[in-house]
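Single-structure report; data block below.
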Amino acid sequence: MEPSKVDVLIVGAGPAGLMLSLWMAKLGIKTRVVDKRTGKIVSGQADGFQCRTLEIFDSFGIGQKVWQESNHMLEVSFWNPGEDGKIRRHHRGPNTQPNLSRFTESVLQQGRVESFLIDTIRASASPKHPLIEIERSVMPTTLSIDESCVNDEDAYPVEVTLRHLTEEEATPTQRLSNLQDGLYRSNLAEDDTEKLIANTSGVREEKVQAKYVVGCDGAHSWVRKTLGEGFEMKGESTDAIWGVLDIIPITDFPDIRSRCMIHSAEFGAMMVIPRENKLVRVYTQLKEVSTGTGRVDRSQITPELILQTARKILSPYTLDYHYIDWWTAYQIGQRVGDRFSKHNRIFLAGDAVHTHSPKAGQGMNVSMGDTYNLGWKLGLVCKKLLRPEVLDTYELERRQIARQLIAFDHKFSRLFSGRPATDGSGEGSSMSEFQEAFREAQLFITGVGIRYQPSLLVCKENDDTGDLGGGLQAETAPQSSAASTAGLATNCRPGTRFASQKVMAQSDARPWELQLQMPSDGRFRIVVFGGDISQAKQLATVNELGAWLQANLLSPAKSPRISLAPGPDPRGGSGSSQWMTDQDPSIVDVLLVHAASREQIELLQDLHPVYHPFDKKLGWDYGKVFVDGQTHHEGHGRAYERYGVDPARGAIVAVRPDGYIGLVTALQGEDGWKQLQAWFGGLLRSV
Ligand code: FAD
């Protein structure tokens, strides 16, 4: 049979694979997604969602669902042994540093979130957006790349054999049949992929040729192993084994509904994660389980053993349960791959290219962060809207994050698994050292502190030191020219995510989080901080810019068009009304935020049509102009102050489709406008 053809083949439908599938669905890319297991996760596994991940979910219209169903983990308590050896609370504080995001860390079972992602993938189908179904019980058995045509964008250089598994082959074995046992996905379990491939009797296989293949197939990644030399994971394992129990606890421990980091004098450490539906997750260090021979005896690990350990650590408080939802165990280790892509045709993402301990709630978040970064680039390159060189920035941007993650986890895990300093010997980790490490890492843990280095996508600032935080320096990459951004929008630094501030719609006085006006639909945004446009000169500048944008960036001749998918819209309503119009919008969207009094400005009469585009079926768009002012019910957002923009000067901020700032430039004078044009020219094929 002739091989079938597909633009993108995604191997693995865990968090990384589903996030990528969602982008493909939104952008209308012909995609297949295969997973060797029969079904999605029904309980257990990851549960902590960081602020940035919730912002990303919100940009796809599913943030509020997760926010509503999840437990908001607002407080963290640190417990340490006192002089009498009994644990006592040493400190209590906010779990997420205040004012970093409009969200705080929240906890919800991974499978629930996977359902939201799958529903949204389905809802994004339309005549221009092929339906993407997750194909379960399917896995690749061979993969080859035709290197002679990797630079031909119309070629399908990657050939993969896909095998359809029987239900028995695709169903993992549960050790204790009455419980949801997560050991089969743990790094303590052996992977069954090679065994499945070795069985060749009566198999059903097909060949697929793909333009791009993405390995989202987890820590045992077959795709990564198949790429061979140069794609090894580097790092180390410790001999610390941790057990995890999801239970409804019966306990007199007073902080059971707070996140707790508990160090006992003799029995190791424990973490408490309060979850949805009265569940609590406990992580305990299993000192009894030996790694001496190099291989852990998994038969020793049972829910009872994890409970017994937790009881000893919590003593004199008691712990019991009637209901257990899930359990697992894992060995702590940190590993990261050197290369995330081969010829920009095969990519690796998520656990397939970085693994570490789960306690800081990072793996799923960073894994989805990888494919959130890759998805729009891949989709827009497939649509021939973006220059293929942009794909180089995936490895550049995400390898840096993976390395920061491994460095953070290395430090955090050792501090957590280490003996507490209680006996005055000066040995062991002190509570204040541990608390400080946790506090310092907040920007990274929450995801909002990520700063991508200068590249085609991120303009270098004149005053940029290249310091990315965490002791890491930016790697070098082809760059767009340096911008003279000094003092323009001081809290909008290229490479960081465009933070959300409250602004008010000019048309109807509704307060909005500005991030909600930037849904993940594949469009770039130009945010014009017009300043005080009640001043005639400032208004004239903003309108001249409007005319210039229309002529140089937005007209159909200059700017590629993009079809918007249906499905949930973070701005409310029942989804995009784009289906009512024949015109696809420009890939560049313009928003105006001004600092004049709302009463002094008339949207249609005073402002250039770029700020209220007209469609013959939909009329004027009233949703593009916002005021930094006093709202009727929700106070004043102080957006100019928080973005660091001077109302007398204004500024222009260009935002990538993933919400990261690419360029900050001047509103006054045409130099900044030309810089904007040059930046887009380096990325888009038609500008
Ligand atoms: P995975 O979730 O491993 O998904 C890989 C998918 O690929 C699976 O569906 C698998 O069936 C499929 N697959 C594998 N091999 C093949 C193949 N050969 N062919 C086809 N399909 C294949 N992270 C957090 O962010 N927050 C947390 O709170 C958190 N808690 C955790 C708690 C525990 C106990 C554990 C074990 C992990 C936790 N993590 C947490 C980590 C998180 O679960 C992982 O980092 C995350 O699931 C990685 O996502 P992924 O999509 O890259 O890989």
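The values are calculated or read from the model by the stated rules, or taken from the named source; none is laboratory data. Bear in mind that the values here come from a model prediction, so they are computed numbers and not experimental data. Cβ atoms come from the backbone with ideal geometry, glycine included; neighbour counts cover every protein chain shown. For the accessible areas, the whole protein counts, side chains as well, though only heavy atoms, and no ligand, DNA or RNA atoms are used. Shrake-Rupley method; radii C 1.70, N 1.55, O 1.52, S 1.80 Å.
Taking a straight Cα-Cα cut-off under 19 Å and skipping sequence neighbours fewer than 8 places away in the same chain, the lysines within cross-link reach of LYS342 are LYS211, LYS225, LYS234, LYS377. Ordering LEU457, TYR640, VAL610 by Cα displacement along the dipole of the chain toward the positive end leaves VAL610 in first place; charges were set at the Cβ atoms of Lys, Arg (+1) and Asp, Glu (-1). In summary, the lysines within cross-link reach of LYS617, defined as a Cα separation below 22 angstrom excluding same-chain residues under 8 places away, comprise LYS128. Of the chymotrypsin sites (Phe, Trp or Tyr not before Pro) found in region 626-687, not one falls in a DSSP loop while having at most 14 other beta-carbon atoms within 10 Å.
A 1.4 Å probe run over the protein chains yields, for region 369-421, 26 Å² of accessible area per residue, whole-number rounding.
Taking each DSSP H run with n ≥ 4 as -39500 (n - 2.57) and averaging over every residue of the chain yields -7500 deg cm²/dmol at 222 nm. Summed over the residues of region 467-683 and divided among them, the accessible surface reaches 41 Å² per residue at a probe radius of 1.4 Å. Taking the C-alpha atoms only, the angle from helix 110-123 to the longest principal axis of the chain is near 30 degrees.
If packing is taken as the mean number of other Cβ atoms within 10 Å per residue, what is the order of 3-9, 513-519, highest first?
513-519, 3-9
Taking all Cα pairs closer than 8 Å and separated by 6 or more residues, the relative contact order of region 500-624 comes to 30 percent.
Entry note, region 467-683: relative contact order of 33 percent, from Cα contacts under 8 Å with a spacing of 6+ residues. Here the ratio of the Cα radius of gyration of the chain to 2.2 N^0.38 Å is 0.99.
Length gained on full extension, ASP119 to GLU206: 28.6 nm, using 0.36 nm per residue less the C-alpha separation. At 1.4 Å probe radius, can you tell me the per residue accessible area of region 1-152 in Å²? That works out to 38 Å² per residue. Sequence-distant contacts, meaning Cα pairs under 8 Å at least 6 residues apart, place the relative contact order of region 237-330 at 43 percent.
Solvent-accessible area of region 467-683 (1.4 angstrom probe, protein heavy atoms only): carbon and sulfur portion equals 50 percent.
The overall shape of region 230-354, judged from the alpha-carbon gyration tensor, is prolate: a/c is not under 1.5, and a/b is greater than b/c.
The charge dipole of the chain, taken about the Cα centre with unit charges on the Cβ atoms of Lys, Arg (+1) and Asp, Glu (-1), comes to about 500 debye, rounded to the nearest 20. Roll a 1.4 Å probe over the protein heavy atoms and report the accessible area of THR166 in Å², nearest 10. So the heavy atoms of THR166 present about 80 Å² to solvent. Here is the list for region 222-321: trypsin sites (Lys or Arg not before Pro) lying in DSSP coil, each with at most 12 other C-beta atoms within 10 angstrom of its C-beta, are LYS278, ARG295. Placing +1 on each Lys and Arg Cβ and -1 on each Asp and Glu Cβ, with no other charges, gives region 237-330 a dipole about its Cα centre of roughly 160 debye.
Using a 1.4 Å probe on the protein chains only, how many percent of the accessible area of region 346-405 belongs to carbon and sulfur?
Carbon and sulfur atoms account for 44 percent of the accessible area of region 346-405.
How large, in percent, is the carbon and sulfur part of the accessible surface of region 204-337 at a probe radius of 1.4 Å?
48
Take LEU456: with every protein chain present and a 1.4 Å probe, its accessible area is about 40 Å².
Listed highest first by mean packing, meaning other Cβ atoms within 10 Å per residue, what order do 147-159, 606-618, 393-405 come in?
The densest-packed peptide leads the list: 393-405, 606-618, 147-159.
Taking the average, over residues, of other Cβ atoms within 10 Å as the packing measure, peptides 77-89, 365-377 rank 365-377, 77-89 from highest down.
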